[in-house]
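Everything below concerns the one structure shown next.
The values are calculated or read from the model by the stated rules, or taken from the named source; none is laboratory data. Note that the structure is predicted; figures quoted are calculated from it, not measured. Cβ coordinates were reconstructed from backbone atoms using ideal geometry, including for glycine residues, and neighbour counts include every protein chain displayed.
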């Protein structure tokens, strides 16, 4: 047996020992609460669209759960991030610092503002923005002019920074907030993957001026498709509601819109599902944490592989359980992916780095050595909450 | 009683004689088919998001119903129109001819392409683009250069024309297609309001290179939020699927995207609702047609008001029943709107013209005398399908 085959077989065995027999998806939702009741109530009311009580309820419940003063529910996380960036003041030709190691929506949302993604490196302990390295980079390549951060290489304004809490693991937010303050950057959090994750007791997505959540089908809780904008600023919340509902002015019958708006508000039927799902979030998080501990037991016995655990002061939602191969095992990544998927255990690597995608290859970037190394070594393994309860 | 009060009272009485007692919404959906069953099946499968059998089924059923070769389901009609315009080749600084008398989504979708809405007049019989007047305008203000239509005033390329089938009434498509051919314009149909409407036996949305449908909560059938792109071109359909699903390349595990894409595909749970709704469309259309005939009987007795009926060769879905005040009654429009709404009968005028919105006031425009006159005289009245069956 070659080194790769041996590693693949040990990893397959470790996963199998936790999840039991049969094919296992990467992440499946659990519908075991009031989903059916709320959907029925929604249909019976005939208000299935973007007006309706479940949208209000879902926004209220989300605000309460996350501790954000306001939540505005959207059709998906990409839409939430797009509007959050707009409301953060990102305009045409601005640069926005985002991790290269992220889902493509982060970069796409920047381009929807006709702005430029500027790629930032990630670090090993959280998979998030390497704040120390970013600070060195900005000290070398940015200066503050009239209270704005200017890229001395391109001459563009660096308007904002978007920490993305990868697979649910909170970024070093103390460091990031300090850095943003030093360099006059607006913080917009991409918390699409981190509903339920906290940093020093505070929910991710509530540190920046705005944050974005996602409730896609593969997320910890789902509304089919859905997202939300979080903010503590009442005026930004009002603007978010306005922009996501075609910027229509309130009137008994007149259809007047006062700026270019979007059809981005969450439909009531999706919010009905969301209300039921959110009620179950504490139990789902507990099950996902249990799954982490069970994987920890199994992977302790596998050399050359590390199971990613939450950092000090952080509570991860463990959305996607993540193993990281040691550097000298990175050459075996695809062998491991093939073997596990062939065994019916759905696994996947981290995303192809944003700067490696043709459409973003000409965008500005700092050195991405950390992200590049991680992208060759990270593997997500089956993570559904129900696997944590032993009810496989 | 003043002239306005008399007219308002006659109109209120005419509507009331048809719809019966109690408050009546402008348009409410009917859920009396397999909605429950399909939603339950969707939840039980756990595939509620943008992968799932109901999305495929809904697209198949839509294509079959409309006669389009391909249908691609989207999160809403705005998203469908945005992608349709992109696939029609609309790029930055292009001009796109759209009616000034339309819902704001038509203009917004053009701006999402960084293109320029160029406003066109509407005519009385269909409320759609005045093809004869538009031809005279283009003969005066456009020329063909290298096979492209150039606006001689702005120097911009006029890339496309977007007929919008207002309230379900088909535009004069023979005239429009000829005009588009003469001036080298791509036709993209905004059929958001016209599911079930045909022109000379052919479904609206299938005449242009691409068409856009909507299934918003106020439409003839609804998916909560939803839309679809129609096309007969397999390559455009493939591109539409690709662009609406983040432009991700198919791969067992790799996340690679080959262009800036969108999170625009319809979630499976919304498509489940759509499949059930589409099964009931023929009966809903019949009921809405019955409602038209009942309103016709009632409004025959009201002087100075005309109920809008389908043109020769057209079959309207009668999405929103529409009365048009005679010119000398236009000053009473707001009195009528106030009286009917106060009586619990929800009515509304046509949209504020696009050129009258601040964000579009500087856009190019032809003379809009027809649209202006109509915008002062059009009133939509309660139109739910269930009102047509006598089951008030």
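Could you tell me how many of the residues in the stretch A:235-266 are over 23 Å from the mean Cα position of the chain (by Cα) and in a strand (DSSP E or B)? Full working, then the answer.
Narrowing the stretch A:235-266 to residues over 23 Å from the mean Cα position of the chain (by Cα): A:235, A:238, A:242, A:245-261.
Next, only the ones that are in a strand (DSSP E or B) stay: A:245, A:248, A:257.
Of the residues in that region, 3 qualify.
With respect to residue B:110, is the statement that it is within 16 Å of residue B:188 (Cα to Cα) and not in a helix (DSSP H, G or I) true?
On the way: within 16 Å of residue B:188 (Cα to Cα): yes; not in a helix (DSSP H, G or I): no.
When the stated conditions are applied, residue B:110 does not pass them.
Given B:204, B:223, which one is at pLDDT 95 or above and more than 11 Å from the chain's Cα centre (by Cα)?
On the way: B:204 fails: more than 11 Å from the chain's Cα centre (by Cα).
After applying the criteria, what remains is B:223.
Scan the stretch B:263-278 for residues that are more than 7 Å from chain A (Cβ to nearest Cβ) and closer than 16 Å to residue A:105 by Cβ and jot them down.
Answer for the stretch B:263-278, where residues must be more than 7 Å from chain A (Cβ to nearest Cβ) and closer than 16 Å to residue A:105 by Cβ: B:264, B:265.
Can you name every one of the helices (runs of 4 or more DSSP H) wholly within the stretch B:1-96 that holds 3 or more residues which are surrounded by fewer than 20 Cβ atoms within 10 Å (Cβ to Cβ)?
Details: elements: B:3-19, B:35-45, B:53-66, B:77-87.
Those helices (runs of 4 or more DSSP H) span B:3-19, B:35-45, B:53-66.
Among A:110, A:90, which is in contact (Cβ under 8 Å) with a residue 24 or more places away in the chain and over 20 Å from residue A:355 (Cα atoms)? Lay out the reasoning, then the answer.
Numbers: A:110 fails: over 20 Å from residue A:355 (Cα atoms).
So the residue among A:110, A:90 that is in contact (Cβ under 8 Å) with a residue 24 or more places away in the chain and over 20 Å from residue A:355 (Cα atoms) is A:90.
With the checklist (1) surrounded by 24 or more Cβ atoms within 10 Å (Cβ to Cβ); (2) more than 13 Å from every other protein chain (Cβ to nearest Cβ); (3) not in a helix (DSSP H, G or I) in hand, flag the one item residue B:291 doesn't pass.
Single failed check for residue B:291: (3).
Among the candidates A:374, A:368, A:325, which residue alone is outside the structural domain of residue A:220 (by TED's automatic domain parsing), surrounded by 20 or more Cβ atoms within 10 Å (Cβ to Cβ) and more than 24 Å from residue A:136 (Cβ to Cβ)? Talk me through it step by step, then tell me what you get.
Numbers: A:374 fails: more than 24 Å from residue A:136 (Cβ to Cβ); A:368 fails: more than 24 Å from residue A:136 (Cβ to Cβ).
Only one candidate passes the filter, namely A:325.
Based on this model, can you work out whether residue A:319 counts as in a loop (DSSP other than H, G, I, E, B), in contact (Cβ under 8 Å) with a residue 40 or more places away in the chain, within 14 Å of chain B (Cβ to nearest Cβ) and within 30 Å of residue A:283 (Cβ to Cβ)? It would help to see each step written out before you state the result.
Numbers: in a loop (DSSP other than H, G, I, E, B): yes; in contact (Cβ under 8 Å) with a residue 40 or more places away in the chain: yes; within 14 Å of chain B (Cβ to nearest Cβ): no; within 30 Å of residue A:283 (Cβ to Cβ): yes.
So residue A:319 fails the test.
In the stretch A:207-227, which residues are away from every other protein chain (no Cβ under 14 Å) and in contact with a helix residue (DSSP H, G or I) (Cβ under 6 Å, 6 or more places away or on another chain)?
A:207, A:210
Which residues, taken from the stretch A:331-374, are touching a strand residue (DSSP E or B) at 6+ places or on another chain (Cβ under 7 Å), within 12 Å of chain B (Cβ to nearest Cβ) and part of a helix (DSSP H, G or I)?
Scanning the stretch A:331-374 gives A:333, A:336, A:337, A:354, A:360.
When you check residue B:283 against the structure, is it out of contact with any strand residue (DSSP E or B) (no Cβ under 7 Å at 6 or more places or on another chain), in a helix (DSSP H, G or I), more than 30 Å from residue B:245 (Cα to Cα) and away from chain A (no Cβ under 14 Å), yes or no? Talk me through it step by step, then tell me what you get.
Working: out of contact with any strand residue (DSSP E or B) (no Cβ under 7 Å at 6 or more places or on another chain): yes; in a helix (DSSP H, G or I): yes; more than 30 Å from residue B:245 (Cα to Cα): yes; away from chain A (no Cβ under 14 Å): yes.
Yes; evaluated as a whole, the condition is true for this residue.
Select, from A:190, A:172, A:258, the only residue that is buried (at least 16 other Cβ atoms within 10 Å of the Cβ) and within 14 Å of another protein chain (Cβ to nearest Cβ). Before the answer, list the steps.
Working: A:172 fails: within 14 Å of another protein chain (Cβ to nearest Cβ); A:258 fails: buried (at least 16 other Cβ atoms within 10 Å of the Cβ).
Selected residue: A:190, the only one of A:190, A:172, A:258 that is buried (at least 16 other Cβ atoms within 10 Å of the Cβ) and within 14 Å of another protein chain (Cβ to nearest Cβ).
Here is a list: B:35, B:123, B:41. Which entry is farther than 26 Å from residue A:222 by Cα and in contact (Cβ under 8 Å) with a residue 60 or more places away in the chain?
Working: B:35 fails: farther than 26 Å from residue A:222 by Cα; B:41 fails: farther than 26 Å from residue A:222 by Cα.
Step by step, each of B:35, B:123, B:41 is checked, and only B:123 is farther than 26 Å from residue A:222 by Cα and in contact (Cβ under 8 Å) with a residue 60 or more places away in the chain.
Restricting attention to the stretch A:66-82, does a residue exist that is farther than 30 Å from residue A:243 by Cα, within 14 Å of chain B (Cβ to nearest Cβ), at pLDDT 95 or above and touching a strand residue (DSSP E or B) at 6+ places or on another chain (Cβ under 7 Å)? Lay out the reasoning, then the answer.
Within the stretch A:66-82, the subset farther than 30 Å from residue A:243 by Cα is none.
Within the stretch A:66-82, not a single residue is farther than 30 Å from residue A:243 by Cα, within 14 Å of chain B (Cβ to nearest Cβ), at pLDDT 95 or above and touching a strand residue (DSSP E or B) at 6+ places or on another chain (Cβ under 7 Å).
Can you tell me which condition residue B:109 does not meet? The list is (1) within 13 Å of another protein chain (Cβ to nearest Cβ); (2) surrounded by fewer than 24 Cβ atoms within 10 Å (Cβ to Cβ), and all the others hold.
The number of the failed condition is (2).
Can we say residue B:93 is more than 13 Å from chain A (Cβ to nearest Cβ) and under 26 Å from the mean Cα position of the chain (by Cα)? Steps first, answer last, please.
On the way: more than 13 Å from chain A (Cβ to nearest Cβ): no; under 26 Å from the mean Cα position of the chain (by Cα): yes.
In short, no.
Does residue B:103 qualify as being over 18 Å from the mean Cα position of the chain (by Cα), under 24 Å from residue A:75 (Cβ atoms), within 14 Å of another protein chain (Cβ to nearest Cβ) and in contact (Cβ under 8 Å) with a residue 40 or more places away in the chain?
Working: over 18 Å from the mean Cα position of the chain (by Cα): no; under 24 Å from residue A:75 (Cβ atoms): yes; within 14 Å of another protein chain (Cβ to nearest Cβ): yes; in contact (Cβ under 8 Å) with a residue 40 or more places away in the chain: yes.
Considered against the rule, which asks whether it is over 18 Å from the mean Cα position of the chain (by Cα), under 24 Å from residue A:75 (Cβ atoms), within 14 Å of another protein chain (Cβ to nearest Cβ) and in contact (Cβ under 8 Å) with a residue 40 or more places away in the chain, residue B:103 comes out as no.
Return yes or no: is residue B:55 within 12 Å of chain A (Cβ to nearest Cβ) and either under 22 Å from residue B:244 (Cα atoms) or at pLDDT 95 or above (or both)? Before the answer, list the steps.
Working: within 12 Å of chain A (Cβ to nearest Cβ): yes; either under 22 Å from residue B:244 (Cα atoms) or at pLDDT 95 or above (or both): yes.
Yes: the conditions hold for residue B:55.
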